[in-house]
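Some notes on the structure that comes next.
The values are calculated or read from the model by the stated rules, or taken from the named source; none is laboratory data. Worth saying up front: this structure is predicted, and the values here are computed from it rather than measured. Methodologically, a virtual Cβ is constructed for each residue, glycine included, from the backbone with ideal geometry; neighbour enumeration extends over all protein chains shown.
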């Protein structure tokens, strides 16, 4: 398996484990302003995705991401399937040439664009977009303007996503199921923004780990490695 | 609640197998999916017309598979959108190279899954167009929808688009007539009782013995008003006036009407409603070109009805009157 492909497979598995661990917390968040299925949907979908990508034979990163996205589409369904999975399927095309700083930025931008097109949501609507927009813009600026190494850029993006999640608490929902509650949605943290943050945190962990491994000279040849960890922009 | 089901998890799967067993020469099931297509799909030289949505609205949508209407119908779980990967397979299975029209009811899950599927098949080179049906005049922005919900007017969209496609029209033309129906149709429903989903096994919402819900959605979403029970004429007047207010038609306009049963309503009652509906249309100076009465888009076992009015010009009359041969609707 290509090092990059293996690294992305490992990242998908880490995300699946994290979302399983956060399952009941996400469902609690969703109970307050939605229909109480986000934790179960995410955990089930990513767990199926982790199984699917583990079965791929020597995949490149784009194939891993596309497979994960397609699995989410079919396993999660509802609105979350297209938002989380469909966006991955489309954005995976940006990784066709492998993972570089440039393709990672393109991937992140396409993912965001698809989420926004599909959900017709903007910053301030109390959705996953509130975490994604600052994260993707921060990642792009950190790579392109500040010339930061991609893993550092990703760390900044995760911090930006975290502030975005906090920002969802005091605002009123105007997209998605929560919008039905109007002002009663105020004071609750958005579950979609929260799961998006968890996914990004796992990507950062996976990227950091693989860069460390890559920098260790006596690395096991079968060990997944990735030079820059830009695939982290996967979300 | 007593139900003719085995396991709630199997109800959609078993229903689809039963439909194929009932109409083996008309429909077939794409393997490992909840998609039914016309037995002879893809029909060469013809634009494909497909639809889909949550189950529990039968005969919507698979009942309208066949000549002059739909080429493909995707069934989701009960009241849940079909997934984009199954929709993608459906479109691929019915595309004869002339492109495919996606007829989508306006619910967030449906719209997102259809749009995702549409973009995925476009990546593979299939031409698709989409029309979103939002005929429910009752409420804006409800439980599963931003904007207005898509309900029974969808059947007229299936009929007009299917007829246009059968004529050999191109995708743009098929989409145009579908949109023309959407632009000219309005519906409002009411419930006497709640539906009962197989999963939950008890009423989705509480409605008192002497209460009705006006403007109910086909998943039991809240309507505009909960009120004391009225007689059939008064209920018919409430629904009809709401629809006509919204459509704002000129005197002398010809219309098609549907009195649609929600699944648990005797036909006797639907005809009683239709009698009053036609009288009211006459009072408004409208002319009924055709009146449909029956269960077209249901909400499981909900008792109640919806009233649909669609303004029809010569073109829509020709298309709605064109031959159709499907399990749930035959026009000769």
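Residues that are free of Cβ contacts under 8 Å to residues at least 24 places away in the same chain, under 26 Å from residue B:51 (Cβ atoms) and not assigned by TED's automatic domain parsing to the domain that holds residue B:159 do occur in region B:271-278.
The single residue among B:241, B:237, B:221, B:199 that is closer than 28 Å to residue B:78 by Cβ, out of contact with any strand residue (DSSP E or B) (no Cβ under 6 Å at 6 or more places or on another chain) and not in a strand (DSSP E or B) turns out to be B:199. Of all residues in region B:130-170, those being in a loop (DSSP other than H, G, I, E, B), touching a strand residue (DSSP E or B) at 6+ places or on another chain (Cβ under 9 Å) and away from every other protein chain (no Cβ under 14 Å) number 8. Every condition in (1) assigned to a helix (DSSP H, G or I); (2) within 14 Å of another protein chain (Cβ to nearest Cβ) is met by residue B:175 except one, and the failing one is (2).
Of the candidates A:81, A:39, the single residue that is touching a helix residue (DSSP H, G or I) at 6+ places or on another chain (Cβ under 8 Å) and within 11 Å of chain B (Cβ to nearest Cβ) is A:81.
Candidates are the residues of region A:102-127 that are touching a residue at least 40 places away in the same chain (Cβ under 8 Å) and within 13 Å of the chain's Cα centre (by Cα); the one that is nearest to residue A:89 (Cα to Cα) is A:111. Considering region B:25-113, the qualifying strands (runs of 3 or more DSSP E), each wholly inside and each with 3 or more residues that are surrounded by 24 or more Cβ atoms within 10 Å (Cβ to Cβ) and in contact (Cβ under 8 Å) with a residue 24 or more places away in the chain, run over B:35-38, B:48-55, B:72-78, B:100-105. Every condition in (1) within 20 Å of the chain's Cα centre (by Cα); (2) surrounded by fewer than 20 Cβ atoms within 10 Å (Cβ to Cβ) holds for residue B:224 except the one numbered (1).
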